[in-house]
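Colleague: My questions will all concern the structure given below.
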Amino acid sequence: MFFASLKTRSPFRLTLTCPFGVYPMQLPTPRRRGRRPKTTPHQVHTVSVRLTEAEHRELTSEAAIYRKSMGEVLRTVWAGTPDAARPPRPRTVEEMAQLRQLIGLAGNLNQLTRQLHAGHNVGEGARQVLGQLYRLLDELAPDSAR
């Protein structure tokens with residue numbers, strides 16, 4: 001039979017002593033319970049890669065742009081994922097402002113079309129709206145399309 005000496009009030013920190021008083025013993029620590037770590041069975045191996053400062057900056061910035069981890073960015077590149085299958089890069093504040101302007105111009109063009117169908121002369125207004133529309137589309141077009 002063992003005797004417990006109360007050193008703390010926690011039931012897991014009791015010190016058990018042998019009836020002979022020679023061998024102090026402790027209760028086993030409780031087993032931690034909870035969620036298992038989030039690892040998929042396919043991603044259990046870790047690979048370390050050495051990068052130059054420039055490569056590390058580029059990888060960090062690309063990971064920040066796509067809002068992914070550096071490992072996810074490297075996996076998509078290594079797997080040879082075509083650019084069309086990659087997630088689109090989030091739009092910048094300037095691009096969002098240009099898209100809002102484009103939406104407004106589309107609404108103006110729609111109103112001019114309604115007036116034209118009603119029999120009004122809208123030639124000058126249409127030229128102005130179309131000029132603004134073409135200028136804005138040139139700004140929004142990616143460099144490769146030019």
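The values are calculated or read from the model by the stated rules, or taken from the named source; none is laboratory data. Small disclaimer: the values here were computed from a predicted structure and weren't measured. So basically every Cβ, Gly included, is an ideal-geometry build from the backbone, and we count neighbours across all protein chains shown.
Colleague: Among the residues of segment 119-130, are any more than 40 Å from the chain's Cα centre (by Cα), of a type in the set (Val, Ile, Thr) and surrounded by 12 or more Cβ atoms within 10 Å (Cβ to Cβ)?
Modeller: Checked segment 119-130: at least one residue is more than 40 Å from the chain's Cα centre (by Cα), of a type in the set (Val, Ile, Thr) and surrounded by 12 or more Cβ atoms within 10 Å (Cβ to Cβ).
Colleague: Still on this model: Given the criteria farther than 30 Å from VAL129 by Cβ, at pLDDT 65 or above and either of a type in the set (Val, Ile, Thr) or assigned to a helix (DSSP H, G or I) (or both), does GLU55 qualify?
Modeller: Here the answer is yes, as GLU55 does meet what is asked.
Colleague: If you check LEU99 against the conditions, is it surrounded by 10 or more Cβ atoms within 10 Å (Cβ to Cβ), more than 24 Å from the chain's Cα centre (by Cα) and at pLDDT 85 or above?
Modeller: Answer is no for this residue.
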